[in-house]
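Everything below concerns the one structure shown next.
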Amino acid sequence: MFQRLSHFLTVSCMCLSIPMLHAQAPLSSEEMFRQARSLAFDKHDYPAAMQRVKEALMQTPTDPDMLIFLGRLYTWGHRADSARGVFGRVLKEHPGYEDGYQAYSDLEYWNDSSARALAICSEGLRYHPRSVSLLRRKASILSGLRRYNEAKAAADSALETDPKNTEVRALLMKIRDYTAGNKIGVSYDYIYFDRQYNDPWHLVSVDYGRQTKMGSIIGRVNYANRFRSSGVQGEIEAYPHISPVFYGYVNAGYSGNEGIFPRWRAGASLYANLPHAFEVDGGLRYLYFGSNTWIYTFSLGKYYKNYWFNARAYLVPGGNSISQSVTLTGRWYFGGADDYLHLALGTGISPDDRGNNQQLASVYSLKSQKIEVGWRQSLARLNIVYVNVQWLDQEYLPKTHGKQIDITIGYQRRF
């Protein structure tokens, strides 16, 4: 009897000890690394994530990915000196490790040390000359330093390797106008009406733009023939650089030929470049046709692979109602920043449409539907040609519609 009881107790203790041994088994470094990432990304608990990744490094002290993650945790925790020490160790122990150069350059760029960030990127590119991640970072850093020609070259190289890279294309769109100090352009609009007017409208625009330290400034002269009369309008617009995130748009114009053009026009918008290749803006437009017309506008844009999508609305308060113009635009890029086809669908008249905004002077709340297709192509890098065709179904009197076609051709030269 005693022997049976003794045997039962021994077996029971052994069974109980098995789960205890499992519970006390140390976690592997990979498991602790996964926990550290979860603490950082899911719970945003950086101190706990640092402690856990340090515990993982006790098992694998030279693992470059764990070290880089620790350095990034230090970066996010505003411990720049600690991060520099970790990244320096990674590149010393693992020369040419690409992720190390990416993380180290991010640290310096975010801490306003662009020159150091650029040097780190350039060193990484000596090991990985076609790295899209490093080329994108280099382009962004150079753009921040206002070395726009070099920035465009780096972005172009990245886009050649990865034509569908959304972030690179969005960056290239931001810096393209900075790559040449000057540009001239000319465009011609021919507008045909089937019922509303007996004669077509003609609009010729000539502009000159120059890049300055504050941003680009453009002067423009518009000549129009409408209602069998001619007129001239002068405009000036600017795109001031505010910060790496924000830039602006301001415009002012005057014409002594009211009726052909609005006597006064003005506009202002604030643009923000957001993460994940989003862009938003909001602003005002002003037109004077014998009385004041104020228009509010906002838009949301997004780059996705070889595409750009944008939704823009214009709101015109009046009386007890608000008229609106809404346009959805899509572009397909088949080359660089100036090589694309586009399609736009919308309703209403836009105050930024120089060919048609005169129709906003109507006392009627105009209703229209429109579709536009266009092609834009760069030639020998500095020459740009484009063609747009727009079809509108326009309500020009209550319940009375007419069709119109607007054909635009244009040319730009950068130098």
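Brief remarks on what is shown
- Between helix 132-144 and the chain there is an angle of about 60 degrees, using the helix long axis and the longest principal axis of the Cα atoms.
- Label sites at residue 111 and residue 92, each approximated as a point 7 angstrom past Cα along Cα to Cβ, lie 1.6 nm apart.
- Assigned charges on the beta-carbon of Lys, Arg, Asp, Glu; the chain dipole about Cα centre (debye): 360
- Kirkwood-Stokes translational diffusion coefficient of the range 27-177, alpha-carbon pairs, 20 °C, 1.002 mPa s, µm²/s: 132
- Our estimate of slack between residue 305 and residue 214, defined as 0.36 nm per intervening residue step minus the Cα-Cα distance, is 29.7 nm.
- Based on C-alpha pairs under 8 angstrom that are at least 6 apart in sequence, the range 143-285 has a relative contact order of 13 percent.
- Kirkwood-type radius of the range 299-338, with distances r between different C-alpha atoms, in Å: 12.0
- Kirkwood Rh in Å, taken over the chain so that all alpha-carbon pairs contribute: 25.6
- Cα gyration tensor of the range 143-292 - equivalent ellipsoid semi-axes, whole Å, descending: 35, 18, 15
- Label-to-label distance, residue 274 versus residue 415, with points set 7 angstrom from Cα along the beta-carbon direction: 4.1 nm.
- Over the range 98-223, the Kirkwood radius and the radius of gyration, each from Cα atoms, give a ratio Rg/Rh of 1.22.
- Working from Cα pairs under 8 Å separated by at least six residues, relative contact order for the range 182-414 is 15 percent.
- Highest to lowest packing among 36-46, 308-318, scored as the average C-beta count within 10 Å: 308-318, 36-46
- Highest-fluctuation residue, 132, 221, 168 considered, GNM on the chain with Cα pairs under 10 Å: 221
- Percentage relative contact order, the range 36-115, counting C-alpha pairs under 8 Å, at least six apart: 22
- Neighbour-count ranking [beta-carbon atoms within 10 angstrom, fewest first] of 128, 276: 276, 128
- Across all directions, the shadow cast by the convex hull of the range 182-414 built on its C-alpha atoms averages 12.8 square nanometres.
- Each part reduced to its alpha carbon centroid, the range 186-264 and the range 289-311 end up 17 Å apart.
Each reported figure results from applying straightforward, stated rules to the coordinates on display, with no laboratory input. Computed from a predicted structure; not experimentally measured. Glycine gets a Cβ as well: all are built from the backbone with ideal geometry, and neighbour counts include every protein chain shown.
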